[in-house]
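The values are calculated or read from the model by the stated rules, or taken from the named source; none is laboratory data. Quick caveat: nothing in here was measured; it's all calculated off a predicted structure. Quick reminder, even Gly has a Cβ in these numbers, built from the backbone with ideal geometry, and neighbours come from all protein chains shown. Protein only, heavy atoms only, side chains kept; ligands, DNA and RNA dropped before computing areas. Shrake-Rupley method; radii C 1.70, N 1.55, O 1.52, S 1.80 Å.
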Amino acid sequence: MSENLPLFPLNTLLVPEMVLPLQIFEQRYLRLIKDCLKNNVGFGVVPIRDGHEVGQVAMIYDIGVHAEIVDWSQGENGLLNIKVAGGRKFKVLKTSLEDDQLMQSEVEYLPEEADDSIPSEFDGLNEMYDTLCDHPQVQILNLPKAISARQLGWFLSMLLPINRAQQVDLLKMQAPVERLEALADIIDRLGQD
């Protein structure tokens, strides 16, 4: 079953169960946020394949995460500051543009992933995640402790210095342990470079 959803393309990967701060200043996105707050609905965040967040419409990947606005405020600079929480993953089936270039889409939500515990063979990945969370730039994100295989995989996919295509491939995976295996392979290859 598909659903219509406005899209917000980003160069930052939003993953489920993550809270992401955003600063809104383009008219199309100010309208989007106003509509979402007024109607108590969310929107879709999709990774950019080619292009930029500002100005021209970007080419996007066909996967995204539903975002719920959990906090908002007007900044001293006049810009709108929001925090969104990542929810369910979805596949983008088709897109269209409104007159102001806001992207609308038809999406299909993906099944929930298993909430399995982290197998002991991935203790090293868990330690790496804990170390990354101690970094001041990562502390801004206020990520929770990873208590499941899916959380550990999602958060590492977003934090590791890998390219966007790899991040998207990891996000598309539906088996948390398979994602952890892929991450372990990526880290091994990073260590060899």
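So the values come out like this:
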item	result
Check: region 1-126 dipole with +1 on Lys, Arg Cβ and -1 on Asp, Glu Cβ, in debye	460
Positive-pole candidate from L141, G44, G78, dipole of the chain, charges at beta carbon	G78
Region 14-109 - convex hull of the alpha-carbon atoms, volume per residue in Å³	98
At 0.692 mPa s and 37 °C, Stokes D of region 4-58 from Kirkwood alpha-carbon radius, µm² per second	271
Neighbour net charge for L159 - beta-carbon separation under 13 angstrom, K R +1, D E -1	-2
Choice from A85, A149, A114 showing the highest fluctuation, given a GNM over the chain with Cα pairs closer than 10 Å	A114
Residue with peak Gaussian network fluctuation, the chain [Cα springs, cutoff 10 Å], from G51, G42, G78	G78
With DNA, RNA and ligands ignored, accessible area of K172 (1.4 Å probe; Å², nearest 10)	90
Degrees, to the nearest 10: 27-39 long Cα axis against longest axis of the chain	80
Distance histogram in 10 Å bins (all Cα pairs of region 91-148, percent per bin)	17, 26, 23, 27, 8, 0
With DNA, RNA and ligands ignored, accessible area of T12 (1.4 Å probe; Å², nearest 10)	60
Selected from S73, S148, S117 as most flexible by GNM, with the chain as the system and alpha-carbon contacts under 10 Å	S73
Probe 1.4 Å, protein heavy atoms only - accessible area per residue of region 121-188 in square angstrom	48
Cα centre as origin, Lys/Arg/Asp/Glu Cβ charges: region 44-193 dipole, Debye	180
Rel. contact order, % - alpha carbon contacts under 8 angstrom, at least six apart, the chain	23
Cut-off 15 Å between beta-carbons: net charge of the residues surrounding A182, Lys and Arg +1, Asp and Glu -1	-3
Environment charge of R31, counting only residues whose C-beta is closer than 13 Å and scoring Lys/Arg +1, Asp/Glu -1	-2
Table column - 3J(HN,Hα) (Hz), region 159-175, Karplus curve with 6.51, -1.76, 1.60, x for Gly and Pro	8, 5, x, 10, 6, 4, 4, 5, 4, 5, 4, 5, 5, 5, 4, 9, 9
Equivalent-ellipsoid semi-axes of region 122-186, from the Cα gyration tensor, Å, largest first	18, 13, 10
Beta bridges by DSSP in the chain, antiparallel share as percent, to the nearest 5	90
Base-10 log of normalised Debye intensity for the chain (one unit scatterer per alpha-carbon) at q = 0.09, 0.18, 0.19 Å⁻¹	-0.34, -1.28, -1.38
Of all accessible heavy-atom area on the chain, the percent that carbon and sulfur account for (1.4 Å)	49
